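Some notes on the structure that comes next.
The values are calculated or read from the model by the stated rules, or taken from the named source; none is laboratory data. Bear in mind the structure is a predicted one, so any value in this text is a computation, not a measurement. Neighbour counts run over all protein chains shown; Cβ positions are idealised from the backbone, glycine included.
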Ligand SMILES: [Zn+2]
């Protein structure tokens, strides 16, 4: 387990036993933002370059590694694979936001990535790495989530990031990445006004619609933002990525009525210009 590893971290001068509650004034170079989030200075990172695009996306990751090695890796010193990120949210007993790359720089956190019309999201995104060994197996603790929500809220407001552009790494690197994992509580985030979630009334109504076939599934996923590889596997990976975000209780890569309803409801809410491929005249429309 991770207990004790925090002591190895030297980026912040305060010791574990002295970690203050968030209401108190920050110390050791930490900065209290207007949002109420305390930002702790972390090590600098070479995994970045001056930003050349407007910030439009927020990309969330799990590190898959404990805090000390994550901070080492995210300093981007490996010339073969330089990585970096803007913020790390720790898993310490009192979780912290650790600042690494300044927001004015593009950090190398997304790699090969795409969302809707955007490619290579490093330059158009803020990246948050959450310390969790595997968000598909390990739940995100409540106190860590509280801090993540506050941090995301602050970022989304500051940059006016649209709900559907708050995404996981697995959403934007389909078939390549699985973080932040099926246990990341996207719905809770949405309940706090961060990120997209379908309206329950739409989902309920659309559950009766015909299940989208392969062609339509691909069209709908693409219209929402997913960039799919061609072929059966490409589609399967896309459905899995979607389910990991919006239908986490069963991630099986198969389009079914619930997955189809969630996807169509999201499109109706956030991309209302998209044809949903519903039958011409249905009782649904009459009812609506
Ligand atoms: Zn990632």
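Observations on the structure shown:
Table: residues versus (1) out of contact with any helix residue (DSSP H, G or I) (no Cβ under 9 Å at 6 or more places or on another chain); (2) in the same structural domain as residue 177 (by TED's automatic domain parsing); (3) under 21 Å from residue 66 (Cα atoms).
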{"residue": "118", "(1), (2), (3)": "no, yes, no"}
{"residue": "121", "(1), (2), (3)": "no, yes, no"}
{"residue": "127", "(1), (2), (3)": "no, yes, yes"}
{"residue": "130", "(1), (2), (3)": "no, yes, yes"}
{"residue": "136", "(1), (2), (3)": "no, yes, yes"}
{"residue": "145", "(1), (2), (3)": "no, yes, yes"}
{"residue": "148", "(1), (2), (3)": "no, yes, yes"}
{"residue": "151", "(1), (2), (3)": "yes, yes, yes"}
{"residue": "156", "(1), (2), (3)": "no, yes, no"}
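- Residue count for segment 117-146 under the criterion of being assigned to a loop (DSSP other than H, G, I, E, B) and more than 21 Å from residue 241 (Cβ to Cβ): the result is 2.
- Qualifying positions in segment 93-116 - more than 17 Å from residue 32 (Cα to Cα), away from the ligand (no atom under 16 Å from the Cβ) and either part of a strand (DSSP E or B) or free of Cβ contacts under 8 Å to residues at least 40 places away in the same chain (or both): 105
- Residue list for segment 117-149, restricted to those being farther than 14 Å from residue 185 by Cα, in contact (Cβ under 8 Å) with a residue 40 or more places away in the chain and within 15 Å of the chain's Cα centre (by Cα): 121, 124, 125, 126, 127, 128, 129, 131
- The condition of being in contact with a strand residue (DSSP E or B) (Cβ under 7 Å, 6 or more places away or on another chain), crowded, with 17+ Cβ neighbours inside 10 Å and touching a residue at least 24 places away in the same chain (Cβ under 8 Å) holds for only one of 238, 181, 260, that being 181.
- Residue list for segment 32-66, restricted to those being assigned to a strand (DSSP E or B), touching a residue at least 40 places away in the same chain (Cβ under 8 Å) and away from the ligand (no atom under 16 Å from the Cβ): 38, 39, 40, 41, 49, 50
- Of the helices (runs of 4 or more DSSP H) lying entirely inside segment 170-276, those containing at least 1 residues that are outside the structural domain of residue 141 (by TED's automatic domain parsing) and more than 26 Å from residue 154 (Cβ to Cβ) span 200-206, 214-224, 231-246, 257-270.
- Residue count for segment 198-209 under the criterion of being surrounded by 14 or more Cβ atoms within 10 Å (Cβ to Cβ) and without any contact (Cβ under 8 Å) to a residue 24 or more places away in the chain: the result is 0.
- Enumeration of residues in segment 149-176 that are out of contact with any strand residue (DSSP E or B) (no Cβ under 6 Å at 6 or more places or on another chain), surrounded by fewer than 23 Cβ atoms within 10 Å (Cβ to Cβ) and farther than 16 Å from residue 228 by Cα: 149, 150, 153, 154, 156, 157, 158, 159, 160, 162, 163, 164
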